Amino acid sequence: MIPESWPKPPVLVLLAVLFSSMAAAQSGSGFALIGIAAGQSARVNALNAARLDPAGTRTCGVILQFQDSQGQVLTQSTVSLAPGKSASLDLSYDSLKATDLRVQIRAVLIYGYSGGANPPPGVLNRTACDNLVPSLEVYDNASGRTSLILTDAKVLPPPITPAQ
């Protein structure tokens, strides 16, 4: 029996449909776990390789993140990339205050619409982020020399929709 204070079933169905469409609209990519040690930093890069838009309206909103091995966000940055532009986010081992000789981290890029249930027209059109090129590198802080670069990001599954 549904309590009187709860929305009626058609409203519940509508809410479930809206939340599921929001989850499907947001996507992203991520890299496998990597390790960094003292004197090293990791950098996640995002390049919007789309053709230049004369109107300048096709930007791609991206959240660059570093997570620990348990999926907790260590640092993140939100950027808006116009075609041909790039951004990066660095994470230094020294900033982690780690006690282990090596720390496992993961780089994640989240993009696409994740806002309210009634997006403005055209927001769900993902073509602005279709040409996003991610990469991950590990470099030596003293020399700046890159010791590892990964370009094989995997598509992230959509967020889990809460049970209704």
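Report the full-extension gain for the segment Leu52 to Asn131: residue separation times 0.36 nm, less the Cα-Cα distance, to one decimal in nm.
27.3 nm
How large is the Rg to Rh ratio of segment 27-155 when both quantities use alpha carbon positions and Rh follows Kirkwood?
For segment 27-155, the value is 1.02.
Please compute the contact order of segment 27-155 in relative form: average sequence separation of alpha-carbon pairs under 8 Å and at least six residues apart, divided by the residue count, as a percent.
It comes to 40 percent, rounded to a whole number.
No value in this document is a laboratory result; all are computed from the given coordinates. No experiment lies behind these values; they were computed from the predicted model shown.
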